[in-house]
Ligand SMILES: Cc1cc2nc3c(=O)[nH]c(=O)nc-3n(C[C@H](O)[C@H](O)[C@H](O)COP(=O)(O)O)c2cc1C
C-alpha cells in the first residue's frame with residue numbers, strides 16, 4: 001500500500017487536491033493508495049501527542065498507524081517560507097522511536113506559488129528523512145507557479161504530467 005501525505009493542515013489546501021490527482025494517476029497504473037491528510041490532525045496535537053504525551057492521542061496514533069502499515073509513501077509538500085510546513089516537522093517529531101519511517105521508501109512532489117516549486121523544502125525534508133533511515137526516490141517533481149498549472153483538479157502542463165508519470169513508474173520499481 002502507498003500512502004500519499006498531504007503535508008499541510010491548511011484548510012482547502014492545494015496539496016490535498018494534488019494528492020487526490022496523484023492518487024488518480026496511481027489508480028490508472030493499477031496501484032492502490034490512501035491519502036493521509038495533515039488537515040485531519042487534532043488541532044491540539046502539539047500539546048496532546050508529543051513528548052511526555054506520546055501515545056495518548058488516539059487520532060494522532062491512528063494517523064501514524066497508516067504510515068506503519070505502508071510500504072511506500074509520497075510526500076506532497078507545499079513551500080512555506082522557503083521550506084516545508086512546520087506542522088509536518090511536528091508530526092514527524094511526534095512519531096514513535098524507533099521512527100516508523102525507517103527503511104521505508106518515498107517519493108516527493110513540491111509545489112509553490114513562486115518559482116522554486118519547493119526545491120529547498122524537498123531538500124530540507126530529504127535531509128531529515130535520510131537521517132531517520134528513509135530512502136528517498138531521486139526523481140523529485142517540483143510544481144512552481146502552481147496556481148497556473150493546476151486547474152480544476154488537474155495538472156495542465158504536459159512536461160509536469162510526464163514527470164509525474166515517470167516518478168510513479170520509478171516509485172513502483174523502487
Ligand atoms: C504560510 C505560507 C508560506 C508560504 N511561503 C511561500 C514561499 O516561501 N514561497 C512560495 O513560493 N510560496 C509560498 N507560499 C505559497 C504556497 O506555496 C502556495 O500557496 C501553495 O499552493 C500552498 O499550498 P497549500 O494550498 O497546500 O497550503 C506560502 C503559503 C503559506 C500559506
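Where a number appears in this text, it was derived from the coordinates with a stated rule and is not lab data. What you see is a predicted model, and the numbers here were worked out from it, not measured in a lab. Cβ placement follows ideal geometry from the backbone for every residue including glycine, while neighbour counts extend to all protein chains displayed.
When residues in the stretch 137-174 are screened for being assigned to a helix (DSSP H, G or I) and away from the ligand (no atom under 16 Å from the Cβ), 15 of them pass.
A count restricted to the stretch 17-34 and to residues that are without any contact (Cβ under 8 Å) to a residue 60 or more places away in the chain and within 13 Å of the ligand (Cβ to nearest atom) stands at 1.
For residue 161, the conditions (1) within 15 Å of residue 15 (Cβ to Cβ); (2) surrounded by 14 or more Cβ atoms within 10 Å (Cβ to Cβ) all hold with the exception of (1).
Every residue in the stretch 1-13 that is out of contact with any helix residue (DSSP H, G or I) (no Cβ under 6 Å at 6 or more places or on another chain) and either surrounded by fewer than 21 Cβ atoms within 10 Å (Cβ to Cβ) or closer than 17 Å to residue 83 by Cβ (or both), please.
As a first pass, look at the stretch 1-13 and keep what is out of contact with any helix residue (DSSP H, G or I) (no Cβ under 6 Å at 6 or more places or on another chain): 1-2, 5, 10-13.
Scanning the stretch 1-13 gives 1, 5, 10, 11, 12, 13.
Within the stretch 41-76, the set of residues being within 16 Å of the chain's Cα centre (by Cα) and without any contact (Cβ under 8 Å) to a residue 24 or more places away in the chain comprises 65 only.
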